[in-house]
1. Does B:V99 satisfy the condition of being away from chain A (no Cβ under 12 Å), β-branched (V, I, T) and surrounded by fewer than 13 Cβ atoms within 10 Å (Cβ to Cβ)?
2. Being assigned to a helix (DSSP H, G or I), touching a residue at least 12 places away in the same chain (Cβ under 8 Å) and within 12 Å of another protein chain (Cβ to nearest Cβ) narrows it down to one of B:S11, B:S80, so name that one.
3. Answer with yes or no whether B:Y25 is among the hydroxyl-bearing types (S, T, Y), closer than 24 Å to A:F39 by Cα and modelled with pLDDT of 90 or more.
4. Could you run through region A:1-27 and say how many residues are buried (at least 24 other Cβ atoms within 10 Å of the Cβ) and modelled with pLDDT under 95?
5. Here's a check for you: in region B:24-51, which residue that is of a type in the set (G, A, S) and in contact (Cβ under 8 Å) with a residue 40 or more places away in the chain is surrounded by the fewest Cβ atoms within 10 Å (Cβ to Cβ)?
6. Listed residues B:Y66, B:Y95, B:Y137, B:Y105; which is within 17 Å of B:L41 (Cβ to Cβ) and in a helix (DSSP H, G or I)?
7. Among the listed residues B:A24, B:A53, B:A48, which satisfies the condition of being under 18 Å from A:V27 (Cα atoms) and either away from every other protein chain (no Cβ under 11 Å) or outside any helix (DSSP H, G or I) (or both)?
8. Anything in region B:125-181 that is surrounded by 12 or more Cβ atoms within 10 Å (Cβ to Cβ) and polar (S, T, N, Q)? List them, or say none.
Amino acid sequence: MMAGLFLLFLITMVIAWYGKKRASIAVFFVTLLLCALWFLHHISDPININL
Amino acid sequence: MKHITAVYINSAAVLGVSFVLLGAYYIQFAEGEFPCPLCLLQRLGMLALAFGAMLNLRYGISSAHYGISILGAIFGASVSARQILLHIVPGTGGYGSPVLGMHLYTWAFIVFVVSIFLIGLMLVIGTDYEASERSEYSKRIPQFAKIIFFIVLIITAANVVTTFLECGLTQCPDNPTSYKY
């Protein structure tokens, strides 16, 4: 999954290079959303301070 | 601010992010410290931060491109802050070796926050460019801008490969100690 996220960013950059700016921004936001969802998936432990 | 000056500044910013990502690779391969899932997400945050500036290099300076970088930096800062808080209690240790006294996730948080500040400055002093000026720029992109764009492209491609070697198609281990492939 993580490699897939990097791949999506690579695709975003390639699309941007080839002149499809709106498409690249759309793919960027999809990728960023997936990154955020994967981040939420990973933060399973609650943060607390035990003194 | 002249348009080309803003392009130079954006180029320096993209090179700065590239330097950070290459530094992460140095820690990974020369020091033998594997990136954890949160570490990889911060690398993604760096790429998101750089992407807005890359759009500036490709299409000319636009406040929308700066907005994209800010969103990427906010995501990256959130991940860094999470990792800082996981280890903030004294004695709990950290992930990875500190560099110049601070762990990489702390340095990453500083980079993200400083970037948001600097982008704010650029929004104040340099985005009122005519559409015709941007259009002319995108027809004749300077060679240095193309090279810098492709440097990040190559670093991103490298991260696809190295992340796949570490994690495959499954979830990355929380504390990786070896490559999967």
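The values are calculated or read from the model by the stated rules, or taken from the named source; none is laboratory data. Just so it is clear, the model here is predicted, and its values are computed rather than measured. With ideal geometry, Cβ positions are generated from the backbone for all residues, glycine too; neighbour counts draw on all protein chains shown.
1. In short, no.
2. B:S80
3. Answer is yes for this residue.
4. Residues in region A:1-27 being buried (at least 24 other Cβ atoms within 10 Å of the Cβ) and modelled with pLDDT under 95: 1 in total.
5. B:A24
6. Just one listed residue meets the conditions, B:Y105.
7. Working: B:A24 fails: under 18 Å from A:V27 (Cα atoms); B:A48 fails: either away from every other protein chain (no Cβ under 11 Å) or outside any helix (DSSP H, G or I) (or both).
Sole residue among the options that is under 18 Å from A:V27 (Cα atoms) and either away from every other protein chain (no Cβ under 11 Å) or outside any helix (DSSP H, G or I) (or both): B:A53.
8. Within region B:125-181, B:T127, B:S138, B:T156, B:N159, B:T162, B:T163, B:Q171 qualify.
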